[in-house]
1. Would you tell me the accessible area of Arg155, worked out with a 1.4 angstrom probe on the heavy atoms of the protein chains, in Å² to the nearest 10?
2. For segment 164-243, build the charge dipole from Cβ charges (+1 Lys, Arg; -1 Asp, Glu) around the Cα centre, then report which of Gln210, Ala225, Met238 sits farthest towards its positive end.
3. If amide hydrogens are placed 1.01 Å from N in the peptide plane, which non-local residues have theirs closer than 5 Å to the one on Asp236?
4. Could you order the peptides 166-174, 233-241 from most to least packed, using the average number of other C-beta atoms within 10 Å per residue?
5. Could you state the accessible area per residue of segment 171-280 in Å², with a 1.4 Å probe and every protein chain left in place?
6. Under 5 Å between amide H atoms, partner at least 5 residues away or on a different chain: which partners does Tyr174 have, H built in plane at 1.01 Å?
7. So what J values fall out for segment 195-204 if you push phi through Karplus, 6.51 cos²θ - 1.76 cosθ + 1.60 with θ = phi - 60°, rounded to Hz, Gly and Pro as x?
8. If I compute solvent accessible area with a 1.4 Å probe over the protein chains, what percent of it on segment 145-219 is carbon and sulfur?
Amino acid sequence: MPLFSITLVRYTIPMFDKLTQKVSDALRFVAGKSAINEKNIDDAVDAIKMALLEADVNLRVVRRFVNSTIEEAKGEKVLRAVDPGQQFVKIVHDKLVSFLGDAKQDLKLRGPDVISTVLMLGLQGSGKTTSSAKLALRLKKEGRKPMLAACDLIRPAAVEQLSVLGNQIGIPVYKEEGASDPVKVYRGAVDWAQKNLIDTLIIDTTGRLQIDEAMMAELSRLRDAVKPDEMLLVADAMTGQSAVDIAKTFDEKIGLTGVILTKFDSDTRGGAALSLKTVTGKPLKFVGTGEKPEDFEPFHPDRVAGRILGMGDVVSLVEKAQEVIDQKEALALQKKMEKENFTLEDWLDQLRSVKKMGSIQSMLEMIPGMAGQVSEEDIDKADLKQQEVILSSMTRKERANHLIIGPSRRGRIARGSGTSVAEVARLIKKFEKMRGMMKKMAKFNKNPAAAQQMMARLQGGGMR
Ligand SMILES: Nc1nc2c(ncn2[C@@H]2O[C@H](COP(=O)(O)OP(=O)(O)OP(=O)(O)O)[C@@H](O)[C@H]2O)c(=O)[nH]1
Ligand SMILES: [Mg+2]
């Protein structure tokens, strides 16, 4: 039942941590208070404003965010609410969701009997080729039959790069040796696709360092030939506002149906994601979360808002686990977590499968209240090894019920594992804390309203 290890390895986005920290601080002005006044609201909104500006959110977007939040928060509803702090947090949450783009936006592709086309656009190095492969892999997993077309004929190694990626993920790549006209390559790709029952054609294009006329002319010509179902701009999240400006220009010159933000894994600020929809009107559809073909996620505004508020992204966490482990196991584990039936035995199972682990920290970041609380040093691998040794020195019975581990058993376990009684006690304490956290997580996942309550408690200092 390696829920944790798998999640750890596969879901590693320590995104937005700075922003999350700042916003959490801002909410302390109001959250958990039984009564708030206009001054509290002003203070909180001011602090949020600073947080957004530091996150490199577009100034106009910040203003709009601030004004609409103040307007709503100062309404009767909040000041007179039974729990005004929670009410305020909810307003901020809903605003974030709306600025991030409301609901998740799926690709608008056509049925399997016609070939859908996706044109990938963007500046040099933004991640077009990588994202083309990632998208293809994703669509394949969803049951479609995608194919990649190598229409970047300018950069010398571009075709080869796409071929290698395609090979790696088992997706056909259409290329023409020595070709110089992307429209011609596209037509060849469609031919091949028709013969091979391909239903989605993903077209990788040339990027330039800057937006220039020649680039736009080539892309316009390709667009007119392809008439794509999706025109996706691939932009680097780390470039913040300039990603938003690029999206605006591409939309005006070529037309976009959506945006993929890459390098989300390294974006601690979040300015691009928060400004994009408001400035360009185009939805953020996917995010790139690493260099590997699987590091690609649909963009869920509500979940990201939750993470910015430090509530953790439990839904993604559980979903991600479900993707890779048996549904039944996932459900059983969820039940265990809810009922606090998670035992030391389960923990040992987890630890044993954590051998290939990536970053535990990033998984913990997804747990409500843990954002910014744990650093990588807190959980080094030597420590995990020690935990495994201590757990292995317990009897099965002890692992099934840690409450029976009294002083003499602790002594025996310490001797058996070559540790000390204090270290055994520390492990049990840690386990209890972890179990409590899991219970909250499980509840949170089932009942979004619980998230609000949890927020209030967290802000009140309950878990910090
Ligand atoms: N960390 C991280 N790296 C990424 C991500 N997406 C792409 N990269 C890396 O960014 C670099 C550029 O990616 P490419 O896909 O080659 O970019 P491109 O837009 O096709 O570049 P050109 O073809 O030169 O215009 C590569 O080293 C990728 O591994 C991501 O989401 N996260
Ligand atoms: Mg490329």
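1. 100
2. Ala225
3. Placed amide hydrogens put Thr262 under 5 Å from Asp236.
4. 233-241, 166-174
5. Solvent-accessible surface per residue comes out at 40 Å².
6. Sorted by chain and number, the residues that satisfy this are Leu148, Ala149, Ala150.
7. 5, 10, 6, 7, 10, 9, 10, 9, 9, 7
8. 54
The values are calculated or read from the model by the stated rules, or taken from the named source; none is laboratory data. A quick note: this is a predicted structure, and the numbers were derived from the prediction, not measured. Methodologically, a virtual Cβ is constructed for each residue, glycine included, from the backbone with ideal geometry; neighbour enumeration extends over all protein chains shown. Accessible surface areas use protein heavy atoms only, side chains included; no ligands, DNA or RNA. Shrake-Rupley method; radii C 1.70, N 1.55, O 1.52, S 1.80 Å.
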